[in-house]
């Protein structure tokens, strides 16, 4: 019932809907209407109430709630089940738990803030309210060696999704950091649970500084992190950004199943931040340096040495 | 206190230890001694009691209990923590849970029986009492692509461990099934939790038909499964077999850290059941056939075609 009232108000943004209209349309008492309005306010809906005029949403709700995210979804599996938290330790931790309990492909965990947000290789990830912190469970029938391709797929989905709502120029730093100019806007932490022959589940965790106040950034990232709403003039709605990313994720996922990854990698290459740059990579077996020369069909970064040898690097942290 | 009484009886196998001796040595009353004896019996210790003679263990305890397994351990990390169950759904499931909660390297989960024992690729695994069903958590600092080497390492540890207590001829069917003659004696299910750059944890699950009555095998494995105690004249003790395997696992693990995997793979090749045979492999991308030609440095099975091309197969189910 609450959802129906929210829908009617959302369909009349900026206009008052009378309590009488709501009560007669939904066949509930005026008192019941008011109770639902109060509950919606508790959930974060900014509903104005005025005597004799009724109730009014002054702007589209900017809430990371399943019913708001679903307004923007046109998927068949991704986001069909969304678990929303006000605060959680880590959406990846929770998504892995759900995956181990057999959660369906496309299940999403999202939180307004994370208390123990994590980046790659056990780095901390600053995750206050205002950002979009979410994880998606995927269950492709692939061998573990192919999982890193999903890492690149996810970064492309985030770029494409953000670009549906904002025209900011984005690039991807291999394997999956999203940059806005020289600053990092979003990061991805992909984790897999697998047997030797097959992946059981992939959890794609995404963190986006969507509407994070950059003055709140901790010192160590102040000069290197970007906040989307400080770089774009468009009005931003968190559930819309998330919805668009989930749409893109499903599109790319389905495409990978039909056509394989070559087309996706080709599109990814169009956003390659490192291409042509002299970089170093800290790999598990030591530091390697050279000129970044794109990614190969396995998603590995190609590194060209001075002698023009090409080395493919599967994993590591890029310094540039 | 119970453990001290068990120790004294184990150190005097086949002999009676008087209640008085136990009571004065441990500074507890005769009544307290009897209470502990009763508890030990409840745990499965076969303790005889005789008036005026005292208490006697007629044979070494054959119990998968931490204190019994530890009698055979000479490790520094593997088996330092052992969680024992009378019955559990799956030791791998439980070990993965412990790993996600940050369990230490070398933590072991063992159960007298499993109700939902699993083999590779979601096959069921018959796991009644009498077998050894256990999982070990390892946390090597490696990239996910190297995890399959641990699969081979584990199979070698199982072979070496069993051969410490029995001289039966064992072979390994790539990647990790242990064969006694033409029948499967043990299987391994290795599962990983990983980021793209590094493994968080590896859970090595092992199932051994150590003292399973072969007449209890389900029809579908009656002709293909072996039970160790029906094939060997040596007296077998479950905690000893498990202890020896854990010793070997730690030895090989430490060796891999110091020297890499080449020596371990070379030893593995000495047990290669498939080498030289014409086989087919069902891989995620279809069936391939050829002559098995060993394993390469990544642990992949080499398959030689009629035109003498060599193909390296990373994952799949062998038909031979």
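Taken together, the values in this text are just the output of simple stated rules run on the coordinates, not laboratory data. None of the values given here were measured: they were computed from a predicted structure. Note that we place each Cβ from the backbone using ideal geometry, even for glycine, and neighbour counts take in every protein chain shown.
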Projected label distance in nm at residue A:234 and residue B:30, using a 7 Å step from Cα toward the beta-carbon: 8.9
Calculated label separations, residue A:35, copies of the chain, 7 Å along the beta-carbon direction, nm: 5.7
Between helix B:238-259 and chain B: long-axis angle, C-alpha atoms, 0 to 90°, nearest 10: 50
Helix B:147-165 vs. chain B, principal-axis angle (Cα, 0 to 90°, nearest 10): 50
Estimated FRET transfer efficiency (residue B:277, residue B:43; beta-carbon r; R0 35 Å; 0.05): 0.15
Förster radius 60 Å - calculated FRET efficiency between residue A:317 and residue B:59, Cβ distance, rounded to 0.05: 0.60
Paramagnetic label zone (point 7 Å from Cα along Cα-to-C-beta, residue B:182; backbone N under 19 Å) in the stretch B:224-241: B:224-228, B:230-232
Binned Cα-Cα distances of the stretch A:66-269, short to long, each 10 Å bin given as a whole percent: 9, 39, 39, 12, 1
Shortest-first distances to equivalent copies, position residue B:214, nm, label 7 Å out along Cβ: 7.4
Teacher prompt: residue A:87 distances to equivalent labels in other copies, 7 Å Cα→Cβ, nm: 4.3
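Kindly put B:83, A:39 in sequence by how many other C-beta atoms sit within 10 Å of each C-beta, fewest to most.
Working: B:83 18, A:39 14.
Going from sparsest to densest Cβ surroundings: A:39, B:83.
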Square roots of five times the Cα gyration tensor eigenvalues for the stretch A:127-218, Å: 27, 14, 11
Approximate shape of the protein assembly as shown as ellipsoid semi-axes (Cα gyration tensor, √5λ), whole Å, largest first: 53, 34, 22
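Assuming R0 = 56 Å, can you tell me the calculated FRET efficiency for the pair residue B:269 and residue A:76, based on Cβ-Cβ distance, to the nearest 0.05?
Using R0 = 56 Å, I get an efficiency of 0.70.
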For A:170, A:152, order by how many other beta-carbon atoms lie within 10 Å, fewest first: A:170, A:152
Residue order, fewest to most beta carbons within 10 Å, for B:36, A:27: A:27, B:36
Distance from the stretch B:9-82 to the stretch A:115-177 (C-alpha centre basis), Å: 56
The stretch B:228-279 versus the stretch A:192-262: alpha-carbon centroid distance in Å: 44
